[in-house]
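*Asks:* Before we start, here is the structure in question, set down as structure tokens.
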Amino acid sequence: MGLSQTTLILICFVLLVYIAFIITVSYTTGALRNVLDQYLNLDSALYNLISTGTDYIHQADTGKTTSTILLNGQNFSKNQIMLIADSTPYASQGHFAITSPCDKKNPAQPIFQVLVGRAPNLFSLPLGYIPGISSAPIMCVYHGEFGFGDPVSDIALKYVGEGNLILKGPYTVVITTQEAYIPKVKSFEELQHPQKGK
């Protein structure tokens, strides 16, 4: 019993499709293996550059640090500024929290501005009021995020309340940084004080 010509053509076509599929899979797997090998080689080269290179300057370092500054006993007059952090030449990204007295009628409006940036270019950091753990007017808690735009190496407090203020309670500033890096453009402070021996 012989096979018809149409059946033979159909079998040949199926075999050709199968062979084309095998060749495509082999080529794709090889190309993927090539890309993976290139990635591993680049990763290995970067590792060697960082670990053994004498001229390599690491541009970013992720590592969490927290600083707590006690404000009790500090005296402030209106518009007085207190520098509380300077990480020059590094810039940082992170979280800022402060506890302070506040206005009982408007506790969401803090009596301190937080100025961040690279001196002398500092701008006011928007602060969020946390009513759940605040007790106006004695203790109010505010927080904000910094360094997710322009580089921040300097942080200062500016008293914007009325009259003079003497902090007698356990008031604090907490600064948590998640990343520090060297900005591409030198800061004003670095330009003022060039490194010796160059």
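The numbers here are math on the coordinates, done by the rules we state, and not lab data. None of the values given here were measured: they were computed from a predicted structure. With ideal geometry, Cβ positions are generated from the backbone for all residues, glycine too; neighbour counts draw on all protein chains shown.
*Asks:* Could I have the simple spin-label model distance between Ile9 and Phe148, label points 7 Å from Cα toward Cβ, reported in nm to one decimal?
*Replies:* 6.6
*Asks:* Sticking with this one: Using the Karplus curve 6.51 cos²θ - 1.76 cosθ + 1.60 with θ = phi - 60°, work out ³J(HN,Hα) for each residue of segment 147-158 in order, rounded to whole Hz, and write x for Gly and Pro.
*Replies:* For segment 147-158, the Karplus-derived couplings read x, 9, x, 5, x, 10, 10, 10, 10, 9, 9, 10 Hz, x marking Gly and Pro.
*Asks:* With the cut-off at 21 Å, report for segment 60-189 the share of all Cα pairs above it, as a whole percent. Could you put the intermediate results ahead of the total?
*Replies:* Details: 3277 of 8385 pairs.
Above the 21 Å cut-off, segment 60-189 has 39 percent of its Cα pairs.
*Asks:* Here's something else I'd like to know. How large is ³J(HN,Hα) for each residue in segment 79-89, as worked out from phi by the Karplus curve 6.51 cos²θ - 1.76 cosθ + 1.60 (θ = phi - 60°), to whole Hz, x for Gly and Pro?
*Replies:* 6, 6, 10, 10, 6, 10, 7, 8, 10, 3, x
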